[in-house]
Amino acid sequence: MVKTELIKRSPLRILERSLHGGLKPGEIGVLTGKKGIGKTACLVHVATDKLFRGKHVIHISYAPNVHHLIDWYEDIFKEIARKRNLENAMDVHEEIIRNRVILNFHKEGAKTSHVVATLRALKEGGAFDVDQVIVDGYEFTTVDPHEFALFKEVAEDLGISFWFSASTGEEAPEVDEGSFPVLLDPVKDMLDVVLLLLPGKDGVTLHLVKDRDRLGDTDLHLVLDPKTLLISEED
């Protein structure tokens with residue numbers, strides 16, 4: 001299968017249609033769920049889809065090291081290429097590597113202002129023309145709305161979109177009467193899209209609980225493949 005056909009058939013097109021064309025420049029999306037449910041794999045899948053389309057992605061990790069993250073990118077690319085019998089897979093892989101930057105910040109002591117300044121320097125200095133930023137491991141339990149506003153500001157200034165992961169620890173997300181995760185309430189007005197990963201009898205399912213001005217639980221009929229954790233269509 002050629003790359004254009006692979007992109008066309010991706011289950012992420014369903015997510016994109018559900019979000020009225022996907023996350024747009026200047027917007028922030030959050031994927032939340034309990035620890036170990038598959039948030040990182042999901043975001044790497046989203047980033048890989050963006051890379052397949054020739055866009056540029058920066059992945060920010062607050063983990064102690066990024067070895068596992070690089071492994072996720074390799075494993076997900078190989079699984080997609082194998083499943084779709086991708087033509088010229090090595091050439092596509094090299095293009096993806098060129099269009100991806102992974103930045104690692106220490107969770108303790110990493111100031112948001114420094115992270116944002118790094119993004120501005122890369123984009124405005126011409127070193128890397130980023131389209132989308134993935135932020136994995138950001139600590140929402142202690143989020144300062146004033147600091148988080150720096151992410152929204154840089155997204156709008158530079159015309160880039162952000163996807164964050166938000167962990168609720170060992171427990172499923174606590175939600176309010178509108179199905180919105182309580183954890184994200186301090187920055188609710190700055191978030192354009194919020195997705196919940198919820199375990200169910202048929203596996204982990206994706207739910208849209210904030211779509212710009214609309215709140216409420218919408219089952220996207222997408223699930224995580226139990227073996228690969230890739231986003232797939234529900235049977």
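The values are calculated or read from the model by the stated rules, or taken from the named source; none is laboratory data. On a predicted model such as this, the values are computed, not experimentally measured, just so you know. Because the Cβ atoms are built from the backbone with ideal geometry, glycine has one as well, and the counts that use them run over all protein chains shown. The area values use the complete protein model at the heavy-atom level, side chains included, leaving out ligands, DNA and RNA. Shrake-Rupley method; radii C 1.70, N 1.55, O 1.52, S 1.80 Å.
Beta carbons closer than 9 Å, at least 6 apart along the sequence or on distinct chains, pair a first residue in segment 15-31 that is touching a residue at least 24 places away in the same chain (Cβ under 8 Å) and of a type in the set (D, E, K, R) with a second that is open to solvent by less than 10 Å² (accessible area, probe 1.4 Å) and part of a loop (DSSP other than H, G, I, E, B) for Glu27/Leu191.
Yes/no matrix, rows are residues, columns are (1) modelled with pLDDT of 95 or more; (2) closer than 21 Å to Lys210 by Cα; (3) touching a Pro at 6+ places or on another chain (Cβ under 9 Å):
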| site | (1), (2), (3) |
| --- | --- |
| Pro25 | yes, yes, no |
| Ile28 | yes, yes, no |
| Gly36 | no, no, no |
| Ala47 | yes, yes, no |
| Phe52 | yes, no, no |
| Lys55 | yes, no, no |
| His59 | yes, no, no |
| Tyr62 | no, no, no |
| His68 | no, no, no |
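Results for (1) in contact (Cβ under 8 Å) with a residue 24 or more places away in the chain; (2) farther than 30 Å from Gly126 by Cβ; (3) open to solvent by 20 Å² or more (accessible area, probe 1.4 Å); (4) within 15 Å of the chain's Cα centre (by Cα), shown as yes or no for each residue.
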position: His146; (1), (2), (3), (4): no, no, yes, no
position: Thr168; (1), (2), (3), (4): yes, yes, yes, no
position: Glu177; (1), (2), (3), (4): no, yes, yes, no
position: Val182; (1), (2), (3), (4): no, yes, yes, no
position: Asp189; (1), (2), (3), (4): no, yes, yes, no
position: Val204; (1), (2), (3), (4): yes, yes, yes, no
position: Leu208; (1), (2), (3), (4): yes, yes, no, yes
position: Asp225; (1), (2), (3), (4): no, yes, yes, no
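Go through Glu147, Glu156, Glu170 for me and flag whichever is assigned to a loop (DSSP other than H, G, I, E, B) and either over 14 Å from Asp185 (Cα atoms) or out of contact with any helix residue (DSSP H, G or I) (no Cβ under 8 Å at 6 or more places or on another chain) (or both). Every option except Glu170 fails the conditions.
The residue list Glu95, Glu108 contains one member that is in contact (Cβ under 8 Å) with a residue 40 or more places away in the chain, among the charged types (D, E, K, R) and open to solvent by 20 Å² or more (accessible area, probe 1.4 Å), which is Glu95.
State whether one or more residues within segment 35-43 are surrounded by fewer than 15 Cβ atoms within 10 Å (Cβ to Cβ), at positive phi and part of a loop (DSSP other than H, G, I, E, B). Yes: one or more hits.
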